[in-house]
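Let me begin by presenting the structure, written as structure tokens, before commenting on it.
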Amino acid sequence: MQPMKTGLLFGLLCIQACCLFAQYKPDWQSLQLTGNVAHIEERLYQKPTGKPEFDEDDAGFQLCQIGHVDYDFNEAGLAISRTFWNYDGEEFIFPQKWAYTYQQVDTLFLKSLSTTEGKTYEYYYNEEALLVKEFYYEHAALRQADYYMYSTENQLVQKLTQNYTNNKLSKNITTKYTYDKWGMLREKSNTENKYVYRYDANKKLVEEENYLHKKLDLKITYNYNAQGLLREKNNLSADNYVQEYQTFVYNTNGKETLNVLYQLLDRMPVDEIHQETTYDASGKVATTKEMRKSDHQILHRTAYFYDTQGNWVKKLSYDGNNVINMALRKIEYY
């Protein structure tokens with residue numbers, strides 16, 4: 001794979017990117033990349049212990065690198081490999097690598113995924129390009145099999161999960177799905193859990209009930225503003241008391257600027273967590289800040305920088321006014 005041009009980007013490698021489960025299927029969209037990306041590297045650095053300032057110009061800061069992820073993409077924007085190295089302070093430990101292969105149905109679909117840890121995932125589709133089977137192996141031994149059944153409208157109606165121990169079937173879990181007359185998911189259930197969903201006239205989710213062993217465990221309600229954007233989310237206990245709730249505020253472009261989580265204890269408010277987001281002139285996230293109202297402590301603050309492609313070029317995480325995390329990203333384009 002020979003890219004046509006190369007661009008250098010810098011950014012923060014979020015911890016989730018390092019710990020993604022093996023079945024994660026990265027692509028340009030899920031990684032929020034723009035442009036025809038062929039290869040991407042992300043490196044996460046951490047503030048040296050005992051060092052009061054994080055000096056971006058100090059060559060020594062590279063000794064504090066704690067992670068490194070490489071992605072390779074095909075020209076359709078799908079990852080064909082992902083490699084992660086963890087750094088233990090002295091050297092990079094044995095890398096983990098995920099290799100992806102695809103099959104052509106109406107478009108490219110994931111066919112198999114293998115890792116250096118001896119894990120393999122296989123995927124099979126029907127003539128309508130719907131996933132019907134997937135198998136998970138560890139060192140060639142089958143550990144889990146999933147089978148999917150669909151209605152004549154191509155709606156998922158049942159998923160059978162079979163767990164294996166020492167190549168013998170050890171557990172069956174059947175999950176069933178039902179829909180309302182508009183085709184919206186109404187219920188998902190198995191022998192242990194049940195989830196019930198209700199919608200408004202605009203097909204917006206307004207209520208979700210979670211049952212554990214046939215008993216109501218949690219209820220979530222959603223309210224929307226005139227533009228159809230989520231305005232409030234409430235988590236209620238089985239006896240219908242609010243446990244916590246969130247409110248959301250947006251700018252004129254419909255982008256979230258404030259998210260407030262109200263925490264309650266014994267039905268009384270105890271604190272609020274405010275998350276504020278600002279945007280640059282092009283509508284990209286410029287900063288995020290999370291603050292606890294009770295003591296006005298800033299829990300987390302991040303600054304974003306972008307290149308001409310519209311991808312972020314650097315992310316910095318702060319503790320007070322000091323940078324505590326930074327990462328470098330290098331991207332090659334087709």
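No lab work stands behind these numbers, since they all come straight from the coordinates. Predicted, not measured: the structure shown is a model, and the values here were computed from it. Cβ placement follows ideal geometry from the backbone for every residue including glycine, while neighbour counts extend to all protein chains displayed.
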* **Backbone HN-Hα couplings from phi across segment 120-131 [Karplus 6.51/-1.76/1.60, Hz, Gly and Pro as x]** => 9, 10, 10, 10, 10, 10, 8, 5, 8, 6, 9, 5
* Structure fact -> Semi-axes in Å, largest first, for the chain (Cα gyration tensor, √(5λ)) are 35, 32, 21
* Structure fact -> Interchain or sequence-distant (5+) residues whose placed amide H lies within less than 5 Å of the amide H of I324 are S317, Y318, D319
* Asked: What are the ³J(HN,Hα) values, in whole Hz, obtained from phi via the Karplus relation 6.51 cos²θ - 1.76 cosθ + 1.60 with θ = phi - 60°, for each residue of segment 132-144 in sequence order, with x given for Gly and Pro?
  -> 10, 8, 8, 10, 10, 10, 10, 6, 6, 9, 5, 10, 8
* Asked: Which pairs break 22 Å Cα to Cα here: K181/K204; K188/K214; K111/K176; K159/K214; K168/K215?
  -> K111/K176; K168/K215
* Asked: Long-range amide H contacts for L218: which residues qualify at under 5 Å (H placed 1.01 Å from N, peptide plane, sequence gap of 5 or more or a different chain)?
  -> N210
* Taking amide H positions as placed in the peptide plane 1.01 Å from N, state which residues far from E207 in sequence (5 or more) or on other chains have amide H under 5 Å from it. => R198, Y222
* Asked: Which of S294, S81 comes first, and how do the rest follow, when ranked by fewest Cβ neighbours within 10 Å?
  -> S294, S81
* Structure fact -> Answer check: segment 175-303, Cα atoms, Kirkwood Rh, Rg/Rh ratio of 1.05
* **Most mobile of E207, E42, E128 in a GNM of the chain (Cα contacts under 10 Å)** => E128
* Could you calculate, for segment 110-257, the ratio of the Cα radius of gyration to the Kirkwood radius, expressed as Rg to Rh? => 1.07
* **Estimated vicinal HN-Hα couplings, Hz - segment 266-277 in sequence order (Karplus 6.51, -1.76, 1.60; Gly, Pro = x)** => 6, 6, 10, x, 10, 6, 9, 10, 9, 10, 9, 10
* What FRET efficiency comes out for the pair H274/K168, r = Cβ-Cβ distance, R0 = 35 Å, nearest 0.05? -> 0.10
* To do: Grab the alpha carbons of segment 158-236, take their convex hull, and tell me the volume per residue in Å³.
  => 117 Å³
